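Take a look at the structure set out below.
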Amino acid sequence: MEKTTQGTRWRLPAITISVLLIAFAMARWPEPAPIDAEVAKSTPTAPPPVAAVPASISAASQLQQAVTTKPLPGIRRDYIVQASSVELARSAVERAGGVVTGELTIIRAVGAALDDREFAALIEAPVDGLRLYDDAMVSTSGAAASAETYYPTQVAAAPLHEGGVMGRGVTVAVLDTGLWREKGPLQRTSYGREPRILAQYDTILAREQPDAYDAADAERYRRDIDDPNGHGTHVSSIIASSSAAATGKYQGVAPGVNLVSVRVLDAEGAGRYFDVIRGIQWVVANRARYDIRVLNLSLSAPPRSHYWDDPLNQAVMSAWASGIVVVAAAGNGGPGPMTIGVPGNVPYVITVGAVTDNYQPYNVSEYGLATFSSAGPTHEGFVKPEVVAMGGHIRAYAPDAGTLAQRFPQWVDAQSHELTLSGTSQAAAVTSGVVALMLDANPRLRPDDVKCRLMSSARPAVSPDGRLAYTVFQQGAGLVNAQDAVYNTASNCANQGLNVALDLAGLQHYGGRANQDANGNFYVMEVQQGPIANLLGGLAQLLRPLPLVEQLVVGLASTLDGLLWDGSAPASTDHTWSSGYTWSNGYTWSNGYTWSNGYTWSNGYTWSNHSADASAAPARQE
């Protein structure tokens, strides 16, 4: 989001009633996801957005502006080519002389290797719905820190374990760096099922060796894919470890779940959009076979476009629409505002920030927001993250010879093969475990139901004066609480006003209620529904052509619940994580509204073309 000044808001005719109308400032369409989008803060340096190109410019020129990295003469580069159908995208690439590297049916696209001549031939003969994207990079959202093992108790999962709620019958798919061949505490569930790892799929291998997964091979998904990095095993262990700690309590949040491991990131913890999208596509295609209910995405990339125009986000929305609960890391770009990464910026999914216990695991009053945890709002004005979870110095099983262990040997316990890491990756894994417990207790919950109950049972940090210690842009609804979430009965409190089917079809897109005033403060706009037409009488008819007239924005800012934030880093040291906090208007700040091209920033918004090495922005040790 850009700063909005008074001079750029809608100017309306003078009226006699004392209602100030503020149009929600929305960004112009920026260009699609470019290359090398590893976790890092974005820097606004991109060329003009595609949608801002005048009609007089050719379609070929617009397609070229949708890609930030052109191929060098005679050298092929990897792209994602989207059309109105996979078949049309494939034929367009082949007709141009390019090489199709794989299909991404989940977003009607193919991977393509194109040199300069093939690239030019493709854009000079566009087919219906043709879009070109750089095969951008993503990376993990975790890094090394100090050792602790208390998170199942800290999020109230341990009492559920004692009552027999452990995630039994629920399968969690983890898209990450793979799974260590030495499965250790991941070999069997808490109730003795072995093997509990139902399938493994390596998208990198599938791309490099197309015959690696022969359709005739019934055992093709039972082969070990290994984990040369360690991040994927660490995340999987946080979710599912059935090992008992010295206290007798399970070390995993959901020790009874089944696992599916999909390798989409390499030994350095980085990967390409194509591989991640293909991994999501595989999960969606096999969700019924393995009863996959939860998808954990502990990875992040800087946003390069509106959420709906990012191919990775399109795949994530398809997974949510298929009935899979998607849990995504917020990113480690905090503490500043507007640092939520892709795919955490998708409004439908559960995006998770990180909390640290400050090395006092049994002293809840010392728990605080981790300064590395990315904060909202998103560029479309959605409040993110939805919740926060333990993500500071998280100890879990991982290979002691992987890249992370070699890079941070001081945080390796070689005797127990455990590694301590910090990041929103770890917080997302904790939350995926909580979601699995919820689905164990109530298998009929839909993704929107899970999100609603998880948020309504969370415990926000509250100051002694009863106000929020952190804003919703930093902590969302608060710290997850597994026991309360399992027994919660809330409904219709998440993703209200959104329609993922229309979003995916391109028929409607959405913006949230966050904005920024002339002083740089972020706030959540007040909204009145429907009856505003009666309040304003004939003026409502005059304003009907304007966006949001049926959900009219009223007032400069909502100061209820401490929803005004100047973007400063978290500094609260005197607070409690309260189960008794009452939101003044429920969770209306999480609602969405139809996006309109009538909302533009005064100078537009440009998206970063820069990238960073996967190790350039590690989470701090907290």
Go through region 478-514 and give me each residue that's closer than 23 Å to residue 321 by Cβ and aliphatic (A, V, I, L, M).
485, 490, 494, 498, 500, 501, 502, 504, 505, 507
Please state which one of 426, 415, 406 is farther than 17 Å from residue 458 by Cβ and at pLDDT 95 or above.
426
Exclusive hit being within 19 Å of residue 474 (Cβ to Cβ), in contact with a Ser or Thr (Cβ under 9 Å, 6 or more places away or on another chain) and part of a loop (DSSP other than H, G, I, E, B), set 353, 376:
376
Test residue 431 against the stated conditions and say whether it is open to solvent by 10 Å² or more (accessible area, probe 1.4 Å) and either of a type outside the set (Lys, Arg) or without any contact (Cβ under 8 Å) to a residue 60 or more places away in the chain (or both).
no
Given (1) open to solvent by 10 Å² or more (accessible area, probe 1.4 Å); (2) farther than 26 Å from residue 456 by Cβ, residue 338 misses just (2)
Polar (S, T, N, Q), in a helix (DSSP H, G or I) and touching a residue at least 40 places away in the same chain (Cβ under 8 Å): which single residue out of 101, 153 fits that description?
153
Checking residue 194 against (1) assigned to a loop (DSSP other than H, G, I, E, B); (2) open to solvent by 10 Å² or more (accessible area, probe 1.4 Å); (3) within 26 Å of residue 408 (Cβ to Cβ), only one condition comes out false. Which one?
(3)
Return only the number of the condition from (1) at pLDDT 90 or above; (2) open to solvent by 40 Å² or more (accessible area, probe 1.4 Å) that residue 125 does not satisfy.
(1)
What residue, among those in region 218-253 that are surrounded by 12 or more Cβ atoms within 10 Å (Cβ to Cβ) and acidic (Asp, Glu), is farthest from residue 267 (Cα to Cα)?
224
Among (1) more than 17 Å from the chain's Cα centre (by Cα); (2) not in a helix (DSSP H, G or I), which single condition is residue 289 missing?
(2)
Pick from region 437-490 the residues that are basic (Lys, Arg) and open to solvent by 10 Å² or more (accessible area, probe 1.4 Å): which of them is farthest from residue 331 (Cα to Cα)?
444
Given (1) open to solvent by 20 Å² or more (accessible area, probe 1.4 Å); (2) closer than 15 Å to residue 138 by Cα; (3) among the β-branched types (Val, Ile, Thr), where does residue 364 come up short, assuming only one miss?
(2)
Does residue 404 fit the bill of being crowded, with 23+ Cβ neighbours inside 10 Å and in contact with a His (Cβ under 7 Å, 6 or more places away or on another chain)?
yes
In region 256-271, which residue that is charged (D, E, K, R) and outside any strand (DSSP E or B) is nearest to residue 201 (Cα to Cα)?
266
Filtered residues of region 408-443 (kept if assigned to a helix (DSSP H, G or I), under 19 Å from residue 229 (Cα atoms) and out of contact with any Gly (no Cβ under 7 Å at 6 or more places or on another chain)):
409, 410, 411, 428, 429
Scanning region 290-304 for residues that are more than 17 Å from residue 274 (Cβ to Cβ) and at pLDDT 95 or above, the one surrounded by the fewest Cβ atoms within 10 Å (Cβ to Cβ) turns out to be 291
Condition first: open to solvent by 30 Å² or more (accessible area, probe 1.4 Å), out of contact with any Gly (no Cβ under 9 Å at 6 or more places or on another chain) and closer than 27 Å to residue 168 by Cβ. Can you find one or more residues in region 510-521 that meet it?
no
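For every residue, the table says whether it meets (1) within 27 Å of residue 501 (Cα to Cα); (2) touching a helix residue (DSSP H, G or I) at 6+ places or on another chain (Cβ under 7 Å); (3) open to solvent by less than 50 Å² (accessible area, probe 1.4 Å).
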{"residue": "397", "(1), (2), (3)": "no, yes, yes"}
{"residue": "408", "(1), (2), (3)": "no, no, yes"}
{"residue": "417", "(1), (2), (3)": "no, yes, no"}
{"residue": "422", "(1), (2), (3)": "no, no, yes"}
{"residue": "435", "(1), (2), (3)": "yes, yes, yes"}
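The values are calculated or read from the model by the stated rules, or taken from the named source; none is laboratory data. Note that the coordinates shown come from a computational prediction; the quantities given were computed from them, not determined experimentally. Virtual Cβ from ideal backbone geometry, glycine too; neighbours counted across all protein chains shown. Just the protein is used for accessible areas: all its heavy atoms, side chains included, with ligands, DNA and RNA removed. Shrake-Rupley method; radii C 1.70, N 1.55, O 1.52, S 1.80 Å.
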